Amino acid sequence: MTASAPVFRTAIPAAAVAPVESPRVTLRDLSGVGVILIQGNVGTALEARWPALPHAPGQVSEAGDALLCRLTPSELYILSTSPSAPLPPADELNAELSGAGCFAHATDYRHGSAVLRLSGPDAVGTMRKICGLDFSDSAFPNLAVRQTSAAKIKTLIVRSDEREGHRYYLVVNRPFGEYMWHTVRDAALEFLEKEQT
């Protein structure tokens, strides 16, 4: 029997026909990138693979093209930031965790998630329009993760800035992907219209 991989199709077809891209705010559909949730007590079992593994809740570490996001003491998200940078298979991570005697389990959510990347100087203003979180640097600093309600749906928000300004990754359940795309796009349009006037 040969191994096969399902073909990934985004849940956000509108992203291809209605992109948001400007010097002030850019919205991209990254659905299909790796999303792995590790639940349980990981301890130091994965530090050989990722030496910068964060331990405090809310912290994020960068590891090449991956973001290591410690949501709670027992929840660690691994998020790929590029479709060309795959994450290790969940089975491989589970073997490592089991071999280290950890009571933890990795689950691959790639096909069950929609991922958006919002960036630029007006990204913060856009986020404030769809979410009640405090997005100030003191409350939500760079390299931080929060899980909250955005546009009235459960959303994992990861901040990982670039030189040009703030950058947020929004991870939602796949069925809500297109709804979230349109909601964020509508919120960003105000800033695009200001640019053009």
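The values are calculated or read from the model by the stated rules, or taken from the named source; none is laboratory data. Computed from a predicted structure; not experimentally measured. For neighbour counting, all protein chains shown are included, and Cβ atoms are generated from backbone atoms with ideal geometry for every residue, glycine included.
In this structure, Gly99 does not qualify as on the phi > 0 side of the Ramachandran plot and either modelled with pLDDT under 95 or outside the structural domain of Asn173 (by TED's automatic domain parsing) (or both).
Restricting attention to the stretch 126-165, and to residues there that are among the polar types (S, T, N, Q) and surrounded by 21 or more Cβ atoms within 10 Å (Cβ to Cβ), which single residue is farthest from Asp65 (Cα to Cα)?
The qualifying residue farthest from Asp65 (Cα to Cα) is Thr126.
Asn94 falls short on exactly one of the conditions (1) surrounded by 14 or more Cβ atoms within 10 Å (Cβ to Cβ); (2) touching a residue at least 40 places away in the same chain (Cβ under 8 Å); (3) in the same structural domain as Ser74 (by TED's automatic domain parsing), and that condition is (2).
In the stretch 160-174, the residues that are farther than 16 Å from Leu30 by Cβ reach residues that are basic (Lys, Arg) and crowded, with 19+ Cβ neighbours inside 10 Å with C-beta atoms within less than 6 angstrom, at least six apart or across chains, in these pairs: Asp161/Arg167. The set of residues in the stretch 12-37 that are buried (at least 19 other Cβ atoms within 10 Å of the Cβ), outside any loop (DSSP other than H, G, I, E, B) and out of contact with any helix residue (DSSP H, G or I) (no Cβ under 7 Å at 6 or more places or on another chain) comprises Thr26, Leu37. Residues in the stretch 32-51 include none that are within 16 Å of Asn142 (Cβ to Cβ) and not assigned by TED's automatic domain parsing to the domain that holds Tyr169.
Could you list, in sequence order, all residues of the stretch 103-125 that are buried (at least 23 other Cβ atoms within 10 Å of the Cβ) and more than 30 Å from Glu164 (Cα to Cα)? The answer is Ala106, and nothing else.
This table checks each residue for (1) β-branched (Val, Ile, Thr); (2) part of a strand (DSSP E or B).
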site	(1), (2)
Val42	yes, no
Ala52	no, no
Glu62	no, yes
Leu76	no, yes
Ala85	no, no
Cys102	no, no
Leu116	no, yes
Thr126	yes, no
Asn142	no, no
